Amino acid sequence: MNDITVRPMRREDADTILAIYQAGLDSGDASLETQAPTWTEFDAGRLPEHRYVAVDDSGTALGWIAVSPVSTRRVYAGVVEHSVYVDPTQQGRGIARLLLTTLIAATEAAGIWTIQSGVFPENTASLALHTRTGFRVVGTRERVARQHGRWRDVVLLERRSPVII
């Protein structure tokens, strides 16, 4: 992992970020979405101060993480939902964990007390990653939506900051 660093996401990362996103969507176990958004849509839906990419020595993006607000109400300003995606050819190298630990530190420094995520039960690698980084299962939203003609469950996970009380 010495050859991988994490830095803030930039506009010039857009094509690679969206390609990694689409590859995750194509796997069928990353999201209920089936088509990556345009960069304008992606940019509008995520908080600009909590977007990161993992890059190799040449600066190539290998994965990304970003958060969205869960509500526009001010009382929920400290609660975000995150997404993390890694290039399929780079999975298993600890990139998602590096991105997630970076995000946790940054959000806590910004006063965010809860990070949540929805993960398919079939995505055991993501569930294990979240457990290792302090997330807990809140519950399972059964048959929350249909994807490719079948009902999908989503496991709701959250991490409450032990720093922000």
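The values are calculated or read from the model by the stated rules, or taken from the named source; none is laboratory data. Remember, it's a predicted structure, so these values are computed and weren't measured experimentally. Just the protein is used for accessible areas: all its heavy atoms, side chains included, with ligands, DNA and RNA removed. Shrake-Rupley method; radii C 1.70, N 1.55, O 1.52, S 1.80 Å.
Averaged over its residues, segment 12-165 has an accessible area of 53 Å² per residue, based on protein heavy atoms and a 1.4 Å probe.
Ordered from highest to lowest accessible area with the whole protein assembly present and a 1.4 Å probe, D57, D13, D43 read as D57, D43, D13.
When the helices in the chain are scored as -39500 (n - 2.57) per DSSP H run of 4 or longer and the sum is shared across all residues, what 222 nm value do you end up with, to the nearest 500 deg cm²/dmol? Dividing the helical sum by the residues of the chain leaves -8500 deg cm²/dmol. Atom-type composition of the exposed protein surface of segment 52-97 places 45 percent of the accessible area on carbon and sulfur (1.4 angstrom probe). Three principal axis extents describe the C-alpha atoms of segment 32-154; from largest down they are 41, 39, 33 Å.
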